[in-house]
Amino acid sequence: MNSAPVSGQAVAASAPLKGYQRLAAALLVIAAIVAAVKHVPVLDKWPSELVIPARIWITDAFAWLAQAGKPVTRSIAWILSQPLALTEALLYRGFKVLGIPPLPWVAVAGGVAILGHWIGGRKLALLGGLATAYLAIFGLWTEAMKTVSIVIVIVPLAVTAGFALGLWAFRNRRFEKLLNTCFDIMQATPHMAYLAPVVVLFGFGQVPALIATFIFALPPMGRCTILGMRTVQPDVIEAGHMSGCTKRQLLWKVQTPAAQQTLLLGVNQVVMQTLAMVVIASLVGAAGLGQKLLFSLQQLQVGKAVEQGVAITLIAVVLDRMSQSYMRRIPAHREAGKIPHKHLLAFGVLVIAAVVISRFLPAVLVLPKDLTFSYGAPINQAVRWISRELFSYVKPVRDTITIWALLPLRDFCLWLPWPVVLGSLAAIGWVLGGLRLALLPVALLGIMLLTGFWTQLMLTVYLVASTTVLSILIGTPIGIWAARRPFAARIVNTICDTLQTFPSFIYLIPVIMLFQTSDLSNVLAMLAYATVPMIRYAQLGLKRVPQATVEAAVASGTTPFQRLVKVELPIAFPELLMGINQTIMMALAMVAITALIGSQDLGQEIYKALPGADTGRGLLAGLGIAFIGITANRFLGAWAAKINRNLGM
């Protein structure tokens with residue numbers, strides 16, 4: 001008779017905790033840890049005497065490697081310097097021993113225009129020609145050619161190596177897992193973190209910039225190769241087998257042409273990543289536009305910085321548009337009787353004419369300074385006017401946001417005891433993906449705690465979290481608006497395309513002009529760079545909502561707002577999570593850049609490591625940023641997969 005109640009009590013005792021009960025239990029645990037901090041100081045701040053000196057070990061290891069491997073590094077440097085010297089001689093140095101001048105700027109500008117016409121027609125020719133002419137007319141020709149020389153040398157090397165690695169990974173699943181792990185770390189690590197070890201091994205100058213750029217530009221080509229080969233249709237491969245193709249013929253005659261579009265996308269990404277890294281490599285002595293821009297920013301010469309920033313942007317836009325147009329280009333078949341390679345013939349005639357004319361008119365070779373223009377002075381005057389007239393209005397806004405929003409969030413992040421941070425992340429990982437995902441943040445972020453970078457890690461989290469929240473609040477409504485209105489989509493997509501072609505240095509200029517150096521300046525620079533993916537994925541997610549689902553919601557009598565909140569946004573939530581993921585990655589990429597305007601996070605640690613070649617400091621700080629990115633990526637990926645399973649997708 002009493003068995004039923006006992007059984008019911010047993011079932012009640014073994015029933016899982018409800019959501020609010022779990023939350024209450026978690027809050028009690030957090031409260032207990034916070035209370036224990038007063039009595040157990042180690043739970044608040046990790047003692048300095050327990051810090052593992054990994055920074056010193058890594059720095060000493062690289063110093064030993066630099067000495068032991070000096071013959072190898074010198075050989076690599078010599079090999080890379082040969083094609084670079086040839087490219088520089090063609091573009092701006094000339095072959096002085098032979099008495100041969102470099103290509104005249106008129107020939108280069110005309111050649112870019114001819115190439116643009118061959119790839120994409122008149123509009124692209126006009127863009128390429130005018131953008132190249134800008135470099136000469138505004139007195140930036142030599143610096144621009146130094147930058148372009150590195151791009152010309154690195155892109156073929158990175159494309160070839162990335163294709164080879166991707167092909168090996170495509171054929172070997174075990175190697176693919178290893179390569180993807182390496183690529184994850186490489187792409188999550190900020191640009192500048194590559195520079196410290198390269199400086200120790202190869203010193204300062206153009207060749208270290210080549211090597212750092214090569215490492216940074218490699219992953220996109222490798223990933224696109226794997227993706228392209230995986231997406232070749234089985235019937236295409238079967239047709240190749242039936243035609244009697246050998247393995248080599250199948251690769252080069254069937255699979256590679258079928259994956260051409262994806263491979264060309266990889267080339268496009270290599271070009272853009274190379275240009276972005278070349279600008280940042282100016283921190284290790286790489287001459288060119290990046291070095292000039294860095295100097296202008298340090299001297300607060302905003303006018304010159306804008307001129308140089310526009311030049312970098314124009315190079316990026318031209319390279320991006322040409323590589324994208326080449327992806328879309330349909331190969332033309334020459335008709336009988338037509339002149340073969342007329343574009344190449346036109347370029348040859350232009351070069352010969354320009355070289356001959358330059359003998360009599362030196363301005364055709366290089367524009368003298370008195371024939372160049374500059375709009376830096378008016379911009380400097382405008383900046384001074386803004387500082388004098390408007391800063392009194394901007395400063396209260398900056399100070400109010402900083403004091404009442406940013407600083408409390410920063411203080412909260414720094415106040416949190418490390419067991420609360422790691423324990424909370426472990427609990428979230430357990431809910432989303434089980435034990436492996438729970439241990440991931442504990443292992444990765446625990447390394448930063450044990451090596452003495454916890455405070456800088458939390459300052460980085462504070463800036464990235466602020467940027468991400470603002471990006472969601474700004475990007476999601478804009479994405480919804482663009483998904484609703486085709487006209488708005490055209491405007492928004494054009495702005496997003498433009499923002500994504502800007503090198504990351506460029507975003508520092510307007511925030512310095514308006515807000516000077518502050519936490520708000522750091523957040524705004526990161527915000528301008530990181531909001532684009534949120535806009536794009538919000539737009540993509542709403543466009544992918546099935547039309548039948550929308551029609552069913554309309555038939556049910558929902559208002560547009562109810563339809564958006566109750567139907568469309570829940571279905572688009574996986575895409576929104578992907579947008580948040582990419583926003584976090586972009587914000588992390590800007591962390592090292594905002595160090596140039598006074599941030600105090602892991603990016604500043606990377607920046608401080610460069611002058612003294614403190615490899616351990618720079619690498620550990622870079623890995624800390626990568627660990628934040630990897631943790632966020634795994635959490636959001638697991639959450640999106642869980643939602644997709646619940647939606648039956």
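The values are calculated or read from the model by the stated rules, or taken from the named source; none is laboratory data. Predicted, not measured: the structure shown is a model, and the values here were computed from it. Note that we place each Cβ from the backbone using ideal geometry, even for glycine, and neighbour counts take in every protein chain shown.
Applying a threshold of 6 Å to beta carbon distances and a minimum spacing of six or more residues, or different chains, the list of pairs starting in the stretch 620-642 at a residue that is farther than 11 Å from residue 580 by Cα and hydroxyl-bearing (Ser, Thr, Tyr) and ending at one that is buried (at least 24 other Cβ atoms within 10 Å of the Cβ) and modelled with pLDDT of 90 or more reads 631/441.
Among the conditions (1) under 20 Å from residue 45 (Cβ atoms); (2) surrounded by 14 or more Cβ atoms within 10 Å (Cβ to Cβ), the only one that residue 427 does not satisfy is (1). When the residues of the stretch 535-590 are filtered to those that are within 28 Å of the chain's Cα centre (by Cα) and not in a helix (DSSP H, G or I), the one that is modelled with the lowest pLDDT is 544. Listed by first and then second residue, the pairs with beta-carbon distance under 6 Å, at least 6 apart or on different chains, first residue in the stretch 71-82 and modelled with pLDDT under 90, second surrounded by 12 or more Cβ atoms within 10 Å (Cβ to Cβ), are 73/201; 73/202; 77/202; 77/207; 80/207; 80/210; 81/207.
Note on the stretch 346-392: among residues that are part of a loop (DSSP other than H, G, I, E, B) and free of Cβ contacts under 8 Å to residues at least 12 places away in the same chain, the one that is farthest from residue 99 (Cα to Cα) is 368. Within the stretch 160-192, track down each residue that is closer than 29 Å to residue 590 by Cβ and surrounded by 22 or more Cβ atoms within 10 Å (Cβ to Cβ). Correct list: 162, 165, 166, 188, 189, 190, 191, 192.
Could you check the stretch 85-105 and list, in sequence order, the residues that are over 33 Å from the mean Cα position of the chain (by Cα) and surrounded by fewer than 19 Cβ atoms within 10 Å (Cβ to Cβ)? Passing the criteria: 94, 95, 96, 97, 98, 99, 100, 101.
The set of residues in the stretch 570-618 being surrounded by fewer than 21 Cβ atoms within 10 Å (Cβ to Cβ) and in contact with an Asp or Glu (Cβ under 8 Å, 6 or more places away or on another chain) consists of 608 alone.
Going by what's in this entry, would residue 274 be described as outside any loop (DSSP other than H, G, I, E, B), of a type outside the set (Asp, Glu) and either at pLDDT 85 or above or not assigned by TED's automatic domain parsing to the domain that holds residue 327 (or both)? Spelling it out, it is not the case that residue 274 is outside any loop (DSSP other than H, G, I, E, B), of a type outside the set (Asp, Glu) and either at pLDDT 85 or above or not assigned by TED's automatic domain parsing to the domain that holds residue 327 (or both). Just wondering, is there one or more residues in the stretch 231-239 that are touching a residue at least 40 places away in the same chain (Cβ under 8 Å) and on the phi < 0 side of the Ramachandran plot? No.
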